[in-house]
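The values are calculated or read from the model by the stated rules, or taken from the named source; none is laboratory data. Bear in mind the structure is a predicted one, so any value in this text is a computation, not a measurement. A quick note on method: Cβ atoms are made from the backbone with ideal geometry, for glycine too, and the neighbour counts reach across all protein chains shown.
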Amino acid sequence: MFRFVVLLSLVLGVLSGGKLSRLGELRLERFPWIAASFAVKFGSILLLQGKVEPSPALCTAISLVTYLMLFYGLYPNLKLPGFTPMAAGMFLNFVAIITNGGRMPVDPHGIGMSLLESQVQDLGLSLTHQVIPDGVRLRFLADIFGWRFLSKDPTTFSVGDILMAAGVLWFVLHTLHRGFPDTQKDARIS
């Protein structure tokens, strides 16, 4: 879904007169922390998934480290267009994950779309996602919506994902049209 949102925002931005070159002006504060959070998450998946049992303790530890690094990195960037809804969406996903044993609950029948059997089986081994268990907490924050657009395989998403997608769209469109906010301020000062 996020690849589609980024592509859509780039296409809309260019078609409405934005300049792709402005993306080269990006300078996020604490970017190494943001990048490190993704490295921890994807590194854990590559190194551990399928090799160890996705216990609540392990999954919660990975999620806590990942999200705390991410939130620390995002905090000084909340002033940027679109970053507040992105961070709010990430926080809602974090709450759903932490309250459900460190993995995002997934409804395999989100909005009437059944995930492929192989996808459901993969959720049993995943360090980041799980089939919605009995007694799920905060179900409304879980991946309960279905998506199958320009893809043969369905996927699911959450309310938090919707907020993040809206923030990404807002940020990319703003940047393509007006440049990176710090660059604008620098240009006015010069």
For this session: For segment 33-46, indicate whether the set of residues that are over 21 Å from Phe180 (Cα atoms) and touching a Gly at 6+ places or on another chain (Cβ under 7 Å) is non-empty.
Result: yes
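So, Arg22, is that one among the basic types (Lys, Arg), at pLDDT below 90 and either part of a helix (DSSP H, G or I) or surrounded by 13 or more Cβ atoms within 10 Å (Cβ to Cβ) (or both) or not? Break it down into steps so the answer makes sense when it comes.
Numbers: among the basic types (Lys, Arg): yes; at pLDDT below 90: yes; either part of a helix (DSSP H, G or I) or surrounded by 13 or more Cβ atoms within 10 Å (Cβ to Cβ) (or both): yes.
Yes, satisfied.
Check Pro81, Pro54, Pro85 and return the single one that is under 19 Å from the mean Cα position of the chain (by Cα) and modelled with pLDDT under 95. Outline the logic, then answer.
Numbers: Pro54 fails: under 19 Å from the mean Cα position of the chain (by Cα); Pro85 fails: modelled with pLDDT under 95.
Exactly one of Pro81, Pro54, Pro85 is under 19 Å from the mean Cα position of the chain (by Cα) and modelled with pLDDT under 95, namely Pro81.
Any residue in segment 81-93 that is of a type in the set (Gly, Ala, Ser) and within 22 Å of Leu48 (Cβ to Cβ)? It would help to see each step written out before you state the result.
Initially, segment 81-93 is screened for residues of a type in the set (Gly, Ala, Ser), giving 82, 87-89.
Next, only the ones that are within 22 Å of Leu48 (Cβ to Cβ) stay: none.
Among the residues of segment 81-93, not one is of a type in the set (Gly, Ala, Ser) and within 22 Å of Leu48 (Cβ to Cβ), which makes the answer no.
May I ask you to list the residues in segment 51-79 that are part of a loop (DSSP other than H, G, I, E, B) and touching a Ser or Thr at 6+ places or on another chain (Cβ under 9 Å)?
Initially, segment 51-79 is screened for residues part of a loop (DSSP other than H, G, I, E, B), giving 51, 53-55, 78-79.
Those that are part of a loop (DSSP other than H, G, I, E, B) and touching a Ser or Thr at 6+ places or on another chain (Cβ under 9 Å): Pro54, Leu78.
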